[in-house]
Amino acid sequence: MKKILLIWMLFLPTLSCLASHIVGGEMIYQYVGPGPTANTSNYIITLKLFRDQNCTNCAQMPTDVFIGIFNNDNGNQFPGPSQPYDVLKSSEYAVPVDAFPPCITNPPLLNYHVGVFVLNVTLPDNAKGYTAAYQTCCRVNPLANVFNIISAVGATGATYSCNIPGTHDNSPQFTSSVDAICRHRHFTLKFGATDPDGDSLVYAFAPAYNSGGISNAGNANPSQPPYRPVAYINGFTFSAPLGNQASIDPNTGIISGIAPDVGKYVVCVAVTAYRNGVFVSEHRKDFIVNVTDCDFAGAQLVPQPVSCDGFNVSFSNSNNSPLNQTYYWNFGDPASGSLDTSTLPSPVHVYTDTGSFVYKLVVNRGQQCSDSATQIQKVYPGFFAGFTSSANCVNNPVLFTDTTKTRYGLVNSWLWNFGDPTNKGDTSRLQNPSYTYSTPGTYPISLTVTNSKGCQKVIPDTINILSKPQFHVTNDTLICSVDTLQLQAWGATGTISWTPNYNMNNPSSFSPLVSPKVTTTYTATLTQAPGCFASMPVLVNVVNNVSLSMPPDSTICQTDSVLVL
């Protein structure tokens, strides 16, 4: 056992070394014509591997790789079991680096190479096409958004693959360039692609693939598809690999937003090709993005919500770099005169009217490291959101009524959450929905409501669901047979019914008058909805007379007092 552990400990540095050089990959296919025999086709399959040239004590770009091809009709490997293609590297070149922001401090050293491996292959035609794949163990370590701990059971690896459809086609090809990405600053990454066939392309984030059972740097037979995704960590997901402040444009493939903290992040983009509106294929690129501790001056304006409560609007620059020395704001409100501009870092402007205003920020105006940005601020105050609810008995529909009012535009959407943990369908988009709770208790509810001007408000509340209505009635009492008594019921809304209807002026009143001649128990039944009711009794004890006892006669002086019992 000690020998095995020692061997593994000696192997770990080698595994980590082999893991650190490849930071991304893409596999491309091209149809180049019919094959030499009937019902065959010639393809060129190209694997691109990206290497970080700044990696120290790392393996060089591989001189050859193993590419496996699998028949999607039956899952079999082509041309036979455990027979991958050993493909030599045909070229290697530097990846272009896009221009850095002006006056950047602590700029990153970006130096990447791409190795190109080209396979010419003839494939028998089939209905579902083929999957070509290359697998390598062990991604760069550590990773900020993907689980990757090198251990005795291996580490998170990578699969770079392409799906060749049954119809003759050429895959899209991603453009390759790298950008400086500074933590918590605005950034742009180019993940656009071109398609030789002129197909329409749609972009989206996709899960990056692990390496299956591969335990070396890539000279092993790849496993057959499907391939399992890597495990995302720290709140990141495949659809938000750089956090919830970064997104991808589905039309261009450009990723932009606010960068997360310093670290290395796996980003996988899938581009889907459509021909005349019909799906053709999906193509992927997997790349490890490096966010560094650089900084630059800049104007960074995050879209603000519509001002729905007043004309006062607060402004700030989301780029809080110390390199921002001066500020110049123009609020796009010329009617405000000299108040339309400000040199404060975080000003407040009072708009003179409703509408959409284009405002602008210029930082370091007139200086070398100047930057500017514009944004739209909408001002439509007078949006008052609210709702009421009806009877709240268990197993009876609770009616929710929207009371939202808006001065501008129209109330146009509602999203209710009824806070019932026992039901995943406890939401509604109706304006005035109903919901039935099956268990008594207190539930958190909320209404998210919007109007056509872009206003949105969330109204939280709680509702107490009872087994039956709770209310109160007059205490038991004593009256004479010639008296009249007013009964009372209070504490809940609904309809009331008193029984028996004996010497009572109105059995449907919450405060009826009764004049019973004999002792009677009156019962009040409060109903809030069908099946949602409760009853409370009142005993009226009727007597013909009462006894009064007085103390014996007594004599007192004019200024004295006496106690009467």
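The values are calculated or read from the model by the stated rules, or taken from the named source; none is laboratory data. Predicted model, so just to flag it, every value in this text is computed and none were measured. For neighbour counting, all protein chains shown are included, and Cβ atoms are generated from backbone atoms with ideal geometry for every residue, glycine included. In case anyone asks, the SASA skips ligands and DNA or RNA and just uses the protein heavy atoms, side chains included. Shrake-Rupley method; radii C 1.70, N 1.55, O 1.52, S 1.80 Å.
Observations, loosely collected:
- Residues that are out of contact with any His (no Cβ under 9 Å at 6 or more places or on another chain) and open to solvent by 20 Å² or more (accessible area, probe 1.4 Å), drawn from the range 166-179: 166, 167, 168, 170, 175, 176, 177, 179
- Restricting the first member to the range 451-465 and to residues that are closer than 17 Å to residue 400 by Cα and touching a residue at least 12 places away in the same chain (Cβ under 8 Å), and the second to residues that are open to solvent by 80 Å² or more (accessible area, probe 1.4 Å) and β-branched (Val, Ile, Thr), the beta-carbon pairs closer than 6 Å and six or more apart or on different chains are 462/442; 464/442.
- Residue 95, sole failed condition from (1) under 16 Å from residue 287 (Cβ atoms); (2) open to solvent by 70 Å² or more (accessible area, probe 1.4 Å): (2)
- Tally of residues being over 27 Å from residue 89 (Cβ atoms) and of a type in the set (Val, Ile, Thr) across the range 104-137: 2
- Annotation: residue 309 fulfils all but one of (1) over 31 Å from the mean Cα position of the chain (by Cα); (2) open to solvent by 70 Å² or more (accessible area, probe 1.4 Å); the unmet one is (1).
- Any hit, the range 445-459, residues being closer than 27 Å to residue 511 by Cα, β-branched (Val, Ile, Thr), surrounded by 15 or more Cβ atoms within 10 Å (Cβ to Cβ) and out of contact with any Leu (no Cβ under 8 Å at 6 or more places or on another chain): no
- Residues (in a loop (DSSP other than H, G, I, E, B) and open to solvent by 80 Å² or more (accessible area, probe 1.4 Å)) located in the range 347-381: 353, 365, 366, 367, 368
- The number of residues in the range 83-115 that are in a strand (DSSP E or B) and modelled with pLDDT of 95 or more comes to 15.
- Tally, over the range 332-346, of residues that are open to solvent by less than 70 Å² (accessible area, probe 1.4 Å), not small (Gly, Ala, Ser) and not in a loop (DSSP other than H, G, I, E, B): 2
- Test for residue 226: is it within 30 Å of residue 68 (Cα to Cα) and either in contact with a helix residue (DSSP H, G or I) (Cβ under 9 Å, 6 or more places away or on another chain) or part of a loop (DSSP other than H, G, I, E, B) (or both): yes
- Boolean, residue 211 is under 30 Å from residue 321 (Cα atoms) and modelled with pLDDT under 95: no
- Number of positions in the range 358-387 that are more than 29 Å from residue 447 (Cα to Cα), among the hydrophobic types (A, V, I, L, M, F, W, C) and within 29 Å of the chain's Cα centre (by Cα): 2
- Some residue of the range 348-366 being small (Gly, Ala, Ser) and at negative phi: yes
- Residues of the range 469-492 that turn out to be assigned to a loop (DSSP other than H, G, I, E, B), touching a residue at least 40 places away in the same chain (Cβ under 8 Å) and not hydrophobic (A, V, I, L, M, F, W, C), as a count: 6
- Residue that is least open to solvent (accessible area, probe 1.4 Å) [pool: residues in the range 61-73 that are within 10 Å of residue 130 (Cα to Cα) and either part of a loop (DSSP other than H, G, I, E, B) or of a type in the set (S, T, N, Q) (or both)]: 71
- Members of the range 229-250 found to be within 26 Å of residue 135 (Cα to Cα) and part of a loop (DSSP other than H, G, I, E, B), listed by number: 230, 231, 233, 234, 236, 238, 239, 241, 242
- Test: residue in the range 526-547 that is under 27 Å from residue 481 (Cβ atoms), at pLDDT below 90, open to solvent by 80 Å² or more (accessible area, probe 1.4 Å) and among the aliphatic types (A, V, I, L, M): yes
- Of all the listed residues (192, 243, 212, 198), the sole one being surrounded by 14 or more Cβ atoms within 10 Å (Cβ to Cβ), farther than 20 Å from residue 48 by Cβ and either more than 21 Å from the chain's Cα centre (by Cα) or hydrophobic (A, V, I, L, M, F, W, C) (or both) is 212.
- Hey, residue 107 on the phi < 0 side of the Ramachandran plot, open to solvent by 60 Å² or more (accessible area, probe 1.4 Å) and touching a residue at least 24 places away in the same chain (Cβ under 8 Å) or not: yes
- The set of residues in the range 403-430 being surrounded by 18 or more Cβ atoms within 10 Å (Cβ to Cβ) and more than 22 Å from residue 307 (Cβ to Cβ) consists of 416, 418, 419, 420.
- Against the conditions (1) free of Cβ contacts under 8 Å to residues at least 40 places away in the same chain; (2) open to solvent by 20 Å² or more (accessible area, probe 1.4 Å), residue 329 satisfies every one except (2).
- Every residue from the range 116-141 that is more than 15 Å from residue 67 (Cβ to Cβ), open to solvent by 10 Å² or more (accessible area, probe 1.4 Å) and modelled with pLDDT of 90 or more: 124, 125, 126, 127, 128
- Meets criteria (touching a residue at least 12 places away in the same chain (Cβ under 8 Å) and assigned to a strand (DSSP E or B)) for residue 162: yes
- Residue list for the range 258-274, filter: under 20 Å from the mean Cα position of the chain (by Cα) and open to solvent by 10 Å² or more (accessible area, probe 1.4 Å): 258, 260, 261
- Taking the range 46-78 as the range and being among the aliphatic types (A, V, I, L, M) and either touching a helix residue (DSSP H, G or I) at 6+ places or on another chain (Cβ under 6 Å) or within 29 Å of residue 141 (Cβ to Cβ) (or both) as the test, the residues that pass are 47, 49, 59, 61, 65, 67.
- Residue check for residue 517: assigned to a loop (DSSP other than H, G, I, E, B), at pLDDT below 90, charged (D, E, K, R) and open to solvent by 70 Å² or more (accessible area, probe 1.4 Å): no
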